[in-house]
Amino acid sequence: MNFGEFLSSDLIIGALLLIMFLVMMRRLRKNPQLVKLEWDLAYDYVSEPRESDNGDFVATFTGDLPPHGEDVHLIRLAFLNKGRNKVSEGDFNGPVTITFAEGTDVISASYNDAVKTAPLENHKIQIDGNRLTIDPFSIESDGVLVFNLVAKGSSAAEPESLAGSLKEQEIIRRLGLKFRYVSKGK
């Protein structure tokens, strides 16, 4: 057997496939986020003062907005399904509760938008002072649901906590993104 017979096309293809497999496994090991989890519901929000110069952000709020200069913050709260599975109402252990610091009043809260998932209809949201309760909802994989909140008080810029869980996920984690709202048209 000579060297030319040893290097058959099958052997070369097999070696290339093995190298590609090893490179892929090494990359996945370094970054496990490349593989989606089955259950991964997360949230994040954007908050701006009522007197914000960001007209596109303010325009997403419908209805009567409180006047400027009263420690009022406009908050867009988004739930993102980063997992492989659709999250259904029955997958929640109970409602999602968002709590703001003492001295903050949630003035209004409403469902606003859906991306890559069915829009919510007649969804129940309950406000009790500095606490907001959102009933369980359905959201497709890679889907996003957005709620608009208006809160008043010196600590109204961001929620103090969000409590909620799925039967297969202990907590709904915050993504922790830092961004400013930009409209879809830009």
message: I need the full set of residues from the range 98-139 which are in a strand (DSSP E or B), over 21 Å from the mean Cα position of the chain (by Cα) and either buried (at least 18 other Cβ atoms within 10 Å of the Cβ) or modelled with pLDDT under 95 (or both), in order please.
response: D105, I107
statement: Going through the range 141-160 in order, the residues found to be outside any loop (DSSP other than H, G, I, E, B), under 15 Å from the mean Cα position of the chain (by Cα) and not hydrophobic (A, V, I, L, M, F, W, C) are N148
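Picking from L177, L74, L145, which residue would you name as being of a type in the set (A, V, I, L, M, F, W, C), modelled with pLDDT of 95 or more, under 27 Å from S52 (Cβ atoms) and out of contact with any Gly (no Cβ under 9 Å at 6 or more places or on another chain)?
Values: L177 fails: modelled with pLDDT of 95 or more; L74 fails: modelled with pLDDT of 95 or more.
The unique qualifying residue is L145.
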task: Quick one: in the range 46-64, of everything that is surrounded by 15 or more Cβ atoms within 10 Å (Cβ to Cβ) and aliphatic (A, V, I, L, M), which residue is farthest from T117 (Cα to Cα)?
output: V58
- request: Report whether or not D105 is closer than 19 Å to E168 by Cβ and among the charged types (D, E, K, R).
  value: no
message: Looking only at the range 65-84, count every residue that is under 18 Å from A156 (Cα atoms) and surrounded by fewer than 18 Cβ atoms within 10 Å (Cβ to Cβ) and tell me the total.
response: 7
- prompt: Out of S154, S138, which single residue is more than 14 Å from S47 (Cβ to Cβ) and hydroxyl-bearing (S, T, Y)?
  reply: S138
query: Within the range 85-97, can you find the residues that are more than 26 Å from K152 (Cα to Cα) and in a strand (DSSP E or B)?
result: V87, F92
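Residues are listed down the side, and each one gets a yes or a no for (1) on the phi < 0 side of the Ramachandran plot; (2) assigned to a loop (DSSP other than H, G, I, E, B); (3) touching a His at 6+ places or on another chain (Cβ under 6 Å):
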residue	(1), (2), (3)
I13	yes, no, no
L16	yes, no, no
L22	yes, no, no
M25	yes, no, no
A42	yes, no, no
D56	yes, no, no
G63	no, yes, no
E70	yes, yes, no
L80	yes, no, no
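The values are calculated or read from the model by the stated rules, or taken from the named source; none is laboratory data. Note that the structure is a prediction, hence the values are computed from the model and not measured. Neighbour counts run over all protein chains shown; Cβ positions are idealised from the backbone, glycine included.
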